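Each remark here refers to the structure printed beneath this line.
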């Protein structure tokens, strides 16, 4: 649905995006992840037709972003980082204006506005001036305007920024509910958001692609060891015993738990479990040693080499 | 066409839902009313003096003695006021980030510029129509000629359109509304008085400087002379302003 092919954007001498290539399949939510000034916003602006690229191509819903800009603009809903709101308008008047701007046919305009208001939960503030509503509602108005023409593709630049925790949860579930019908790219630097909402990520740093793929793919690529995390009643005893088990490379303590690691390719989960039970080490909890997204992200952004 | 109207409608609405249009129109009408009153009073006293001499009495002409100077006065008020109406048109969009909405919508840059231009022209039209109330009195109590008056209004409208196009151009250059207004005002004033320099110029330069001046073309129109040369001047001025605005927006995106 979204294809980015060797995209480069320079502002004078400054290279904001360099040779970026990734794809997003239809109906999926992908996170664009990276530190500040990584090129996330620039990439989104290019995809939405706001900025032209210096080099490379991009396609959205089969349309070339540069050659068929108008077609692309019709199928994209965009929530910019800075909310594009006219504070002197009421929420309903604003959404009406956006619907007209997005060329929603006059006969469907009312339905489109009503739907956007309903989906974004804007009923309580529908008739109020945008300048008088809270930040959370403003963010929802931003999302509602992106949704108004029922676009195939949604591009959301930091959709939960500046919201309180309850609002963040609401907006995330709103975004998740849009999955399937819409293909979504969202940028964020909140890692939890990606794990909760996204099917995959594109991690960029200094304008270059560092990694892309589904979360599982990424963790298997970047994880050097397999293992288990064990919570046991008799930790000290287990620490000594488990080291003797054949195939185990390393046993370490972490926050009162034991981390048992072995080389990838082997699967010692069953053996470890049987061993722990047989020795009566007081098993309380056992889970796989998956790399958290934080670890993954830091490893990719700080130490990784671009793809 | 529909897109132009969408942008224009929104812009007209925002003029009239904020105090901007009302403040500008109120001040404009007070000033125009004041000038009209002064001119009529002066015309009255002159007419009484002239009535004592049949020869001079023939010369008393309300079109020339009231309307022609009134149109000049109005044109100066427009020169001062229109930059205030145009200053926010594009600079505010840029500052608020709403330009991202406009330029990522299936609407062309030209349609956005024309929409905003038309919205401002509409406010100008309302301002000029409201001054039409003054003529109700002159027609009720006197016998002015209609055609030169309409011609004068056409001149004001065309000149206002050129002013607005210049204002739109400066509004596209900066995010700061005050800067946009100051630059617009400076440029308009310069084009107003550029013919002053023609006194010391000669030959081709003299005619070029004279041709470029707003004043020169407007003066003819207030006298009731409708010359295609003047029409073409104002229309091409407006067109050039809009063209430059388009160029600025496009070049900013491609930078």
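Across region B:104-255, C-alpha contacts under 8 Å between residues 6 or more apart give a mean separation that, scaled by the residue count, equals a relative contact order of 33 percent. Applying D = kT/(6 pi eta Rh) to region B:193-236, where Rh is the Kirkwood radius over alpha-carbon pairs, T corresponds to 10 °C and eta to 1.306 mPa s, the Stokes-Einstein value obtained is 148 µm²/s. For the pair region A:11-45 / region B:91-119, the C-alpha centres are spaced 25 Å from each other.
Each Cα pair under 8 Å and six or more residues apart adds its sequence gap; the mean of these over the residue count of chain B is a relative contact order of 26 percent. If you run the Gaussian network model on chain B, springs between alpha carbon atoms under 10 Å, then out of B:244, B:231, B:101 the most flexible one is B:101. Antiparallel beta bridges, as assigned by DSSP with both residues in the protein assembly as shown, represent about 65 percent of the total such bridges. For region A:157-307, the share of DSSP beta bridges that are antiparallel, to the nearest 5, is 90%. Each of B:129, A:218 was scored by other Cβ atoms within 10 Å of its Cβ. Arranged with the fewest first, they read B:129, A:218. The value given for chain B is a Kirkwood hydrodynamic radius of 19.6 Å, derived from the mean inverse Cα-Cα separation.
Give me D for region B:75-184 in µm² s⁻¹, whole number, from Stokes-Einstein with Rh from the Kirkwood sum over alpha-carbon pairs, 10 °C and 1.306 mPa s. Translational D for this selection: 104 µm²/s. Treating each Cα of region A:1-119 as an identical point scatterer and summing with the Debye formula, the log10 of I(q)/I(0) at q = 0.12, 0.20 Å⁻¹ comes to -0.54, -1.16. In a fully extended conformation the segment linking residue A:126 and residue A:92 would gain 11.7 nm over its present Cα-Cα distance, using 0.36 nm per residue.
Both radii were evaluated on the Cα set of region A:147-263; the Rg over Rh quotient, with Rh as the Kirkwood radius, amounts to 1.14.
Helix B:68-86 and the longest principal axis of the C-alpha atoms of chain B enclose an angle of approximately 20°. Projected over all directions and averaged, the alpha-carbon convex hull of the protein assembly as shown occupies 35.0 nm². Largest mean-square fluctuation among B:25, B:46, B:65, in a Gaussian network model of chain B whose springs join Cα atoms under 10 Å apart, belongs to B:46. Using equal-weight Cα scatterers in the Debye expression, the normalised intensity of region A:224-289 in log10 at q = 0.17, 0.25 Å⁻¹ is -0.48, -1.12. DSSP finds beta bridges in chain A, and of those with both partners inside it, around 65 percent are antiparallel. Across region A:49-126, the fraction of Cα-Cα pairs farther apart than 18 Å, rounded to a whole number, is 53%. For region B:127-245, rounded, prolate or oblate, judged on the Cα gyration tensor with a ≥ b ≥ c (square roots of eigenvalues), a/c < 1.5 rounded, else prolate if a/b > b/c? Taking the square roots of the gyration eigenvalues as a ≥ b ≥ c, region B:127-245 is oblate.
Multiplying each eigenvalue of the alpha-carbon gyration tensor of region A:66-210 by 5 and taking the square root yields semi-axes of 25, 19, 14 Å, largest first, rounded to whole angstroms. For chain A, averaging the sequence separation of C-alpha pairs within contact (under 8 Å, six or more residues apart) and dividing by the residue count gives a relative contact order of 19 percent. Its alpha carbons give chain A an Rg and a Dmax of 23.7, 75 Å. Can you grab the distance from the C-alpha centre of region B:131-147 to the C-alpha centre of region A:161-222, Å, no decimals? Each part reduced to its Cα centre gives a spacing of 69 Å. Specify whether the C-alpha gyration tensor of region A:12-68 places it in the rounded, prolate or oblate class, a ≥ b ≥ c being the square roots of the eigenvalues: rounded for a/c under 1.5, otherwise prolate if a/b is larger than b/c and oblate if not. Oblate is the answer for region A:12-68, as a/c is 1.5 or above yet b/c matches or exceeds a/b. What whole number of Å gives the distance from the Cα centroid of region A:115-137 to the Cα centroid of region A:264-283? Value for the Cα centre distance between the two parts: 55 Å.
We did not get these values from a lab; they are worked out from the coordinates using the rules stated. It should be emphasised that the depicted structure is a prediction, and the values quoted were computed from it without experimental measurement. Backbone-built Cβ (ideal geometry, glycine too); neighbour counts: all protein chains shown.
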